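Visitor: I'd like to ask you about the structure that follows.
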Amino acid sequence: MPSKEKNVDYEVYGVDSIDSDKFDRQKRISGWDQYKISNATVMVIGVGATGNEVVKNLVLTGIGKIIIIDYDFINMSNLNRCVLFSRQSAQNKEYKVDVVKDACEVLNPDTEIIAVKKDLNDIDKDLYKKSDVICSCLDNVEARLQANNYAYFYGVPFVDSGIEEFFGSIQSVYSKEKDAACLQCSISNSDLDLMWKKFSCTGQEIQSEKGETVAKIATIITTTSIIGGLQSQQVLKFILGIDYYKEHGEWNSSIGKPLIGKQLNYNGLLNKFRVVEKLKNPECWTCSYERKDNIN
Ligand SMILES: [Zn+2]
């Protein structure tokens, strides 16, 4: 195309109308509603490797408010897979939530970040109710189940992730879909007995060479960014699709159904993704009994 005609095209469309809106390209997606995104509140529990990816994605997408929960500080060993941390933040042993909050201010100052420097057990439970979607990016089963249970009781969509080496998985839970499994459904009684120990995200107990149980997971940013990307996508699908679901009882095809009751597994060794249906446990104490303290 001759350059002269090109210039005419730019004048017709107006450069400003195409490139001055930072959300222009995503607004072009069928079914997208930036207003919903900008007014959504997402809770992200754990802002380590996967949490960094999820928060970064949500902030750049323009989520209105993100509640980040983590009581840990930054170590040098975090730096190979945490895009929002810096060497200085590790040397100063700064708190993860403080550093993530500052980094997000640079990425997109329009997103409000609420930093909660507490153990999950100690947070104000109203934070669950104030969230439109809850994400767990955690490294131990006990905290993930706690988040699953609160999200289920409050009727808030919940997206969990797990990673180890070249493997990862995500799963969504939503109590309005009564027949779908929750995270607790897959936990056996023997798992519950061992709950006080730390586990890897795939449920394997982690041991050092000396046989001591330690809570360190072998992982790499390529895995966490893949899984964090998939997890963020589930969050967006809930935010964009849930009003339609509540009105019509089905998910809008242009946004698609979230992975409710299903687990998406990634195998980086075989270069494969696989979706498996999770079986609902009829004796699951979270999702299979009518509870008097169910706040729904
Ligand atoms: Zn369950």
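The values are calculated or read from the model by the stated rules, or taken from the named source; none is laboratory data. Everything numeric in this text was worked out from a predicted model, so none of it was measured. Cβ sites come from the backbone with ideal geometry, for glycine too, and all protein chains shown count toward neighbours.
Visitor: Only residues that are under 27 Å from ASP243 (Cβ atoms) and either charged (D, E, K, R) or modelled with pLDDT under 95 (or both): list them for region 132-148, please.
Guide: Step one: of region 132-148, the residues under 27 Å from ASP243 (Cβ atoms) are 132-137, 147-148.
Scanning region 132-148 gives a single hit, ASP132.
Visitor: Please go through region 149-191 and give me each residue that is touching a Phe, Trp or Tyr at 6+ places or on another chain (Cβ under 6 Å), in a helix (DSSP H, G or I) and either within 29 Å of GLY268 (Cα to Cα) or hydrophobic (A, V, I, L, M, F, W, C) (or both), ordered by number.
Guide: Matches in region 149-191: ALA151 only.
Visitor: When the residues of region 252-276 are filtered to those that are more than 18 Å from SER232 (Cβ to Cβ) and in a loop (DSSP other than H, G, I, E, B), which remaining residue is nearest to the ligand (Cβ to nearest atom)? Reasoning before the result, please.
Guide: Of region 252-276, the ones more than 18 Å from SER232 (Cβ to Cβ) are 252-254, 261, 267-272, 274, 276.
With the extra rule that they be in a loop (DSSP other than H, G, I, E, B), the set shrinks to 252-254, 261, 268-271.
Numbers: ASN252: 26, SER253: 27, SER254: 30, GLY261: 9, GLY268: 28, LEU269: 30, LEU270: 29, ASN271: 31 Å.
Looking at the filtered set, the residue picked out is GLY261.
Visitor: Taking region 140-163 only, how many residues are within 15 Å of GLN231 (Cα to Cα) and of a type in the set (D, E, K, R)?
Guide: Counting residues in region 140-163 that are within 15 Å of GLN231 (Cα to Cα) and of a type in the set (D, E, K, R) gives 2.
Visitor: Next question. For the list (1) hydrophobic (A, V, I, L, M, F, W, C); (2) under 22 Å from ILE221 (Cα atoms); (3) touching a Ser or Thr at 6+ places or on another chain (Cβ under 6 Å), I need the number of the one condition that ALA147 fails.
Guide: Condition (2) is where ALA147 drops out.
Visitor: Within region 242-253, restricting attention to residues that are without any contact (Cβ under 8 Å) to a residue 60 or more places away in the chain and surrounded by 16 or more Cβ atoms within 10 Å (Cβ to Cβ), which residue is farthest from ILE37 (Cα to Cα)?
Guide: Applying the filter and picking the extreme gives TRP251.
Visitor: Among the residues of region 254-263, write down those that are surrounded by fewer than 20 Cβ atoms within 10 Å (Cβ to Cβ) and at pLDDT 95 or above. Spell out the reasoning first.
Guide: Looking only at region 254-263, we keep the residues that are surrounded by fewer than 20 Cβ atoms within 10 Å (Cβ to Cβ), and these are 254, 256-257, 262-263.
Correct list: GLY256, LYS257, LYS262, GLN263.
Visitor: Turning to a different aspect of this structure: Can you spot a residue in region 277-288 that is crowded, with 20+ Cβ neighbours inside 10 Å, within 16 Å of the ligand (Cβ to nearest atom) and under 15 Å from the mean Cα position of the chain (by Cα)? Talk me through it step by step, then tell me what you get.
Guide: So in region 277-288, the residues crowded, with 20+ Cβ neighbours inside 10 Å come out as 286-287.
Next cut, within 16 Å of the ligand (Cβ to nearest atom) only: 286-287.
From what is left, the residues that are under 15 Å from the mean Cα position of the chain (by Cα) are none.
No.
Visitor: Now a separate question. Restricting region 140-188 to residues that are among the charged types (D, E, K, R) and surrounded by fewer than 24 Cβ atoms within 10 Å (Cβ to Cβ), which is farthest from the ligand (Cβ to nearest atom)? Give the steps one after another, and end with the answer.
Guide: First, pick out the residues of region 140-188 that are among the charged types (D, E, K, R): 142, 144, 160, 164-165, 176-179.
Retained after the next criterion (residues that are surrounded by fewer than 24 Cβ atoms within 10 Å (Cβ to Cβ)): 142, 164-165, 176-179.
Working: GLU142: 16, GLU164: 23, GLU165: 28, LYS176: 14, GLU177: 12, LYS178: 11, ASP179: 11 Å.
Once the filter is applied, the top-ranked residue is GLU165.
Visitor: Output the residues belonging to region 37-62 that are among the hydrophobic types (A, V, I, L, M, F, W, C) and in contact (Cβ under 8 Å) with a residue 60 or more places away in the chain. Show your work before the answer.
Guide: Within region 37-62, the subset among the hydrophobic types (A, V, I, L, M, F, W, C) is 37, 40, 42-45, 47, 49, 54-55, 58-60.
Those that are among the hydrophobic types (A, V, I, L, M, F, W, C) and in contact (Cβ under 8 Å) with a residue 60 or more places away in the chain: ILE37, ALA40, VAL42, MET43, VAL44, ILE45, VAL47, ALA49, VAL54, LEU58.
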